[in-house]
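Worksheet: the structure to be examined is printed underneath.
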Amino acid sequence: MDIETEQINGCKKLYAEVFQGITGRIPLIITPPCGAEPDKKELVLHTEAAMAQVAAARQPKVEAKSDWIPTVNFGWYQCIAVPSLFGAEPFYPAGSEPIIEPIFSSMEGAVAAGTPELAGPIIDQMFNSLQTALKHLPAGFALSFPPSASPFDLAQLLLPADEFMVSLIYEPDATMQFLNNLTDLCLELTDQVRSQLAGTTSEHITNRGTSFHGHRLPSDSIVNLSPDLIRAFVLPILNRYSDRYGNLMIHYCSKPAPSGHILPVLCECAAVKAVDTWQGPDAFIGDDINVRLQSKTALLFDVDLTTEEKMDNFLTWEPIRNVARKNGRGLVIETTAPSIEAAHEIYSMWQKKTAAIKMIRGLLKCTS
């Protein structure tokens, strides 16, 4: 086994322990300034060359030597693969992966479309991209290849958003049928992608550069739903995913839309073992929400740790200080650094401070 694979496997072991609740360690991912990456479409058009460019651009993050699994993210197909089965054509927002415009005008029409066969030019292209990416993966890197966004996200692309939202209230049975149809297709597609990744270094890799034994499901659109609608429409679909893949990591953007209502409901679902955002900790463990001391679901988020004062403030914050890690509420933190040297200093300081906290907790436990 080469040293890069050994390092990746070491990180995978750490994340397995974090998400199983058997370690008190808090992994830290640090991103120093990195190089310019190619346009996302280059990964499709010139896969081998583009992946080499991505790996070169991210080399400073490798050299930071934090808890990041060096990862090439290939999310091009997640919003277009399943919609293409209904005849949806992709369009390409500048600097982003493609999405589709609505092709159904009513929930009745969406349900009538049924569950098409998992075949077509975009599906063929997707698996060609996956096989090429795995064949030419740069040394020392893993591949993150999310098969599909969630059925909730896809439904709000295939239908006008207002039509979908109204249908949740006035056509609940038809809406649930449409979501189940999409879920059938998403699961079938995900099965095929997972079979290609099985046994490779890239198995279980997420786009943040962590490893999660289960399934990470992008679900941005659930911020638009009330707690009751999440219970009625989202949790049953999550249970279907869990029946297939086990534990779930749910991603949603916690800003700009209000999102403090989401985690309390997700905590009701035994399948949800982790929640991931890019917008900081407040929506997950801030003092303004009633789940700040929940001890069931692991949390992944960004926070500014660029000075010792900021790090101390974070580590002594009540939701961090008062919740033990070895019970399911693991934490994975990501931060930035102004240079590789600063990244080394931040990581060293983080290890010392979190080790000291762990030791103090151990002493308190022994004397209690």
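The values are calculated or read from the model by the stated rules, or taken from the named source; none is laboratory data. Predicted model, so just to flag it, every value in this text is computed and none were measured. Here Cβ is always computed from backbone atoms with ideal geometry, including for glycine, and neighbour counts include all displayed protein chains.
Brief remarks follow.
- Any hit, the range 88-97, residues being hydrophobic (A, V, I, L, M, F, W, C) and either closer than 30 Å to GLU4 by Cα or crowded, with 18+ Cβ neighbours inside 10 Å (or both): yes
- Contact annotation: residue pairs with Cβ atoms under 7 Å, 6 or more positions apart or on different chains, pairing a residue in the range 219-240 that is over 18 Å from GLN177 (Cα atoms) with a partner that is β-branched (Val, Ile, Thr) and at pLDDT 95 or above, are SER219/ILE250.
- Hits in the range 167-176 - residues which are surrounded by 15 or more Cβ atoms within 10 Å (Cβ to Cβ) and part of a helix (DSSP H, G or I): SER167, LEU168, ALA174, THR175, MET176
- The requirement of being closer than 30 Å to SER129 by Cα, at pLDDT 95 or above, among the acidic types (Asp, Glu) and part of a loop (DSSP other than H, G, I, E, B) is fulfilled nowhere in the range 231-248; no residue meets it.
- Out of PHE145, PHE104, sole residue that is of a type in the set (Phe, Trp, Tyr), under 30 Å from THR201 (Cα atoms) and touching a residue at least 12 places away in the same chain (Cβ under 8 Å): PHE145
- The sole residue among PHE164, PHE178 that is in contact (Cβ under 8 Å) with a residue 60 or more places away in the chain and aromatic (Phe, Trp, Tyr) is PHE178.
- In the range 228-260, the residues that are touching a Pro at 6+ places or on another chain (Cβ under 9 Å) and surrounded by fewer than 17 Cβ atoms within 10 Å (Cβ to Cβ): ALA232
- Filtered residue count, the range 83-101, keeping only those that are assigned to a helix (DSSP H, G or I) and either free of Cβ contacts under 8 Å to residues at least 40 places away in the same chain or hydrophobic (A, V, I, L, M, F, W, C) (or both): 1
- Every residue from the range 218-230 that is over 24 Å from PRO147 (Cβ atoms) and either hydrophobic (A, V, I, L, M, F, W, C) or assigned to a strand (DSSP E or B) (or both): LEU229
- The residues listed here are PRO38, PRO70; of these, the one that is out of contact with any Ser or Thr (no Cβ under 8 Å at 6 or more places or on another chain) and either closer than 17 Å to THR5 by Cα or of a type in the set (Ser, Thr, Tyr) (or both) is PRO70.
- Leading residue by the ranking (farthest from THR277 (Cα to Cα)) among those in the range 191-221 that are touching a strand residue (DSSP E or B) at 6+ places or on another chain (Cβ under 9 Å) and surrounded by fewer than 21 Cβ atoms within 10 Å (Cβ to Cβ): THR200
Per-residue answers, yes or no, for (1) small (Gly, Ala, Ser); (2) closer than 27 Å to TRP68 by Cα; (3) out of contact with any Phe, Trp or Tyr (no Cβ under 7 Å at 6 or more places or on another chain):
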{"residue": "VAL193", "(1), (2), (3)": "no, yes, no"}
{"residue": "GLY199", "(1), (2), (3)": "yes, yes, yes"}
{"residue": "GLU203", "(1), (2), (3)": "no, yes, yes"}
{"residue": "GLY214", "(1), (2), (3)": "yes, yes, no"}
{"residue": "ASP220", "(1), (2), (3)": "no, yes, no"}
{"residue": "ARG231", "(1), (2), (3)": "no, no, yes"}
{"residue": "ARG240", "(1), (2), (3)": "no, no, yes"}
{"residue": "LYS255", "(1), (2), (3)": "no, yes, yes"}
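- ASN128 passes every criterion in (1) within 23 Å of ALA174 (Cβ to Cβ); (2) surrounded by fewer than 16 Cβ atoms within 10 Å (Cβ to Cβ) apart from (1).
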